[in-house]
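To start, the structure itself, in structure tokens.
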Amino acid sequence: MNKIIELVNNFALMSLLAVGGGTAVLPEMKHDTVDRHHWVSDTQFAEIYSLGQLAPGPNMTCVSLIGYEVSGLAGLVAVLFAFFFPACLLCYFVSQVWDAAEGSPWRDAVQRGMAPIVIGLMLAGCYALGKTASFDPAKGWDYNLLTLGIGAAVAIMLSLTRINPALTILAGGVAGYILL
Amino acid sequence: MSDPRGCVSLGKIFSVFAVIGATSFGGGIVAYLRRALVEKEKWLDEDSFMAALEISQTLPGLNSTNMSVIVGRKLRGAAGALVAVLGMVLPGAVAVTALGFAYVALRHDPKVAVILTGVAAAAVGLLLQVTLKIGWRQLVQPRDLAFVAVVFVLVGIFHVSLVVTLVTVAPLAIWINRPREEDKAG
């Protein structure tokens with residue numbers, strides 16, 4: 001039971017800190033769940049995040065699997081609720097206030113000021129995931145070249161074509177099976 | 001356009017969002033939302049869609065669930081917001097749960113492990129591409145780039161907590177972007 005409460009506290013806080021979307025809390029979430037609470041390993045965290053890319057809908061529903069790892073189905077449901085409910089509740093009330101602030105120049109200032117912060121957080125998320133998923137110092141340079149190459153290939157494919165992102169993730173799995 | 005408020009059934013709201021939640025892959029949910037809400041159901045016009053999106057992006061939480069809350073609220077108040085979020089989240093949650101069961105059962109299989117390594121390596125590429133696509137304006141503008149760099153170093157390298165980072169950096173960033181007199185004149 002204590003673990004469930006800890007999970008809820010943790011993910012409810014993440015929920016309210018996820019400015020600009022779920023990926024912004026990735027670095028903090030990884031630090032918390034891997035280094036501080038030891039709920040999942042580095043590799044598991046990266047794998048769970050990747051599974052989220054294969055499922056439809058909001059890609060952060062995958063955080064519920066961290067709850068599953070810690071305390072089974074109850075943990076899964078608790079994390080799902082904790083990660084989605086507080087932010088939704090906040091949005092419900094703030095969007096009413098926001099509607100009322102229509103036309104205020106400060107609304108614009110908030111948006112322009114927050115934009116680079118969100119991008120910085122997302123880049124930190126890339127870095128946190130990439131440290132595990134793209135570069136493993138324990139492995140040889142050929143292995144790391146392949147994992148970095150898969151990531152680069154996906155980024156380039158997505159920039160140049162309108163391919164469904166989930167397909168590029170699946171292709172990464174196939175490449176891993178054949179090459180690694 | 002006739003005002004749809006109050007006359008859309010909760011079941012209809014749920015089903016429209018559940019279809020989006022079940023068919024949108026790879027994080028591009030905004031495009032799916034626009035197609036369903038603006039073009040197909042005509043619950044919102046283009047301007048109110050963009051306004052809702054702006055709030056969703058500024059507030060904490062996922063854009064997709066925030067959009068669900070805002071649109072659901074506009075259509076049917078609190079109950080509308082609730083069914084819209086449930087519709088958005090449930091299909092993906094069920095799919096992730098199924099994937100998770102398979103993952104827990106199979107992850108120690110070395111064949112599955114290399115597939116997952118490939119999948120994770122690809123996910124980093126996806127995340128990087130999405131970040132660059134959303135953020136190129138901030139990355140080419142020196143003042144914004146400075147904030148991007150500060151936040152990246154604080155959170156990514158030094159693991160400064162997100163609360164501390166936001167409380168210190170956000171007010172500064174908003175102050176630097178504060179409304180100016182000449183903006184009013186222009």
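Based on the Cβ-Cβ distance from A:GLU102 to A:ASP142, what FRET efficiency comes out when R0 is 56 Å, to the nearest 0.05?
Details: r = 57 Å, r/R0 = 1.01.
Efficiency computed from Cβ-Cβ geometry: 0.50.
Before we go on, tell me the buried accessible area for the B/A pair, both chains summed, 1.4 Å probe, in Å² to the nearest 100.
Its buried surface, counting both partners, is about 7900 Å².
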Can you list residues whose amide H is under 5 Å from A:VAL19's amide H, if they're 5+ apart or on another chain and H is modeled 1.01 Å from N? B:GLY61
If the reach is capped at under 18 angstrom between alpha carbons, list the lysines near B:LYS12, excluding any in the same chain fewer than eight residues apart. B:LYS40, B:LYS42, B:LYS74
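Given a cut-off of 11 Å, what percent of all Cα-Cα pairs of region A:110-153 lie beyond it? Intermediate results must be reported in sequence, preceding the final value.
Details: 648 of 946 pairs.
Looking at region A:110-153, the distances longer than 11 Å represent 68 percent of pairs.
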How long are the three semi-axes of the equivalent ellipsoid of region A:134-180, in whole Å, if each is the root of 5 times an eigenvalue of the C-alpha gyration tensor, listed from largest down? 22, 11, 7
Rounded to two decimals, the Debye log10 I(q)/I(0) of region B:1-106 (Cα scatterers, no solvent) at q = 0.12, 0.14, 0.21 Å⁻¹ is -0.39, -0.52, -1.08
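So which trypsin sites (Lys or Arg not before Pro) in region A:1-59 are both in a DSSP loop and have at most 11 other Cβ atoms within 10 Å of their Cβ? Show your work: numbers first, answer last.
Values: sites: A:LYS3, A:LYS30, A:ARG36; in loops: none.
Loop-located and lightly packed - none at all.
For the protein assembly as shown, with all protein chains present and a 1.4 Å probe, just round the carbon and sulfur fraction of the accessible area to a whole percent. Walk me through the intermediate numbers first.
Details: 10910 of 16220 Å².
In the protein assembly as shown, the share of accessible area belonging to carbon and sulfur is 67 percent.
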Would you please calculate the Kirkwood hydrodynamic radius of region B:141-186 over all C-alpha pairs and express it in Å, rounded to one decimal? 11.8
In Hz, Karplus ³J(HN,Hα) per residue of region B:53-62 (6.51, -1.76, 1.60; θ = phi - 60°; x = Gly, Pro): 5, 4, 5, 4, 6, 7, 6, x, x, 6
Give me the distance between the Cα centres of region A:66-113 and region B:95-165, rounded to whole Å. 20
With charges only on Cβ, +1 for K and R and -1 for D and E, what is the dipole size of region B:1-119 about its Cα centre, in debye, rounded to 20? 280
Considering only A:ALA55, A:GLY20, A:LEU158, whose Cα is most displaced toward the positive end of the charge dipole of chain A, charges sitting on Cβ of Lys, Arg (+1) and Asp, Glu (-1)? A:LEU158
Expressed as a whole percent, how much of the Cα-Cα distance distribution for chain B exceeds 27 Å? 48
Rg to Rh, two decimals, where chain A supplies the alpha carbon set and Rh follows Kirkwood: 1.01
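Quick one: putting +1 on the C-beta of Lys and Arg, -1 on the C-beta of Asp and Glu, what dipole do you get for region A:2-113 around its Cα centre, in Debye to the nearest 20? Kindly include the intermediate steps, with their values, before the conclusion.
On the way: 5 positive and 10 negative charges, 16 e Å.
In total the dipole reaches around 80 debye.
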What figure in square angstrom, to the nearest 10, would you give for the accessible area of B:SER48 with a 1.4 Å probe? 40
Acute angle (nearest 10 degrees) that the helix A:64-100 long axis makes with the longest principal axis of chain A, alpha-carbon atoms: 40
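Which whole-number percent is the relative contact order of chain A (Cα, under 8 Å, 6+ apart)?
26
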Electrostatic dipole magnitude of the protein assembly as shown [Cβ: Lys, Arg +1; Asp, Glu -1; Cα centre; debye, to 20]: 340
How much accessible area per residue does region B:141-186 have, counting only protein heavy atoms and a probe of 1.4 Å, in square angstrom? 59
For the protein assembly as shown, the charge dipole (Cβ of Lys, Arg +1; Cβ of Asp, Glu -1; about the Cα centre) points to a positive end, and the Cα of B:TRP175, A:ALA87, A:LEU170 closest to that extreme belongs to A:LEU170
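Can you figure out the FRET efficiency of B:PHE101 with B:ARG178, using R₀ = 51 Å and their beta-carbon distance, to the nearest 0.05? Write out the running numbers ahead of the final one.
Details: r = 51 Å, r/R0 = 0.99.
Rounded to the nearest 0.05, the efficiency is 0.50.
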One would report the Cα pair-distance distribution of the protein assembly as shown, bin width 20 Å, in %, as 30, 59, 11, 0
Kindly express, to the nearest 10 degrees and within the range 0 to 90, the angle between helix A:141-160's C-alpha long axis and the longest C-alpha principal axis of chain A. 50
List the aspartates and glutamates whose alpha-carbon lies under 18 Å from that of A:LYS131, not counting same-chain residues fewer than 8 positions away? A:GLU28, A:ASP32, A:ASP35, A:ASP42, A:GLU47, A:ASP142
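The values are calculated or read from the model by the stated rules, or taken from the named source; none is laboratory data. All figures in this text were calculated on a predicted structure; none of them were measured in a lab. Neighbour counts run over all protein chains shown; Cβ positions are idealised from the backbone, glycine included. We work out accessible area using only protein heavy atoms, side chains counted, and drop any ligands, DNA or RNA first. Shrake-Rupley method; radii C 1.70, N 1.55, O 1.52, S 1.80 Å.
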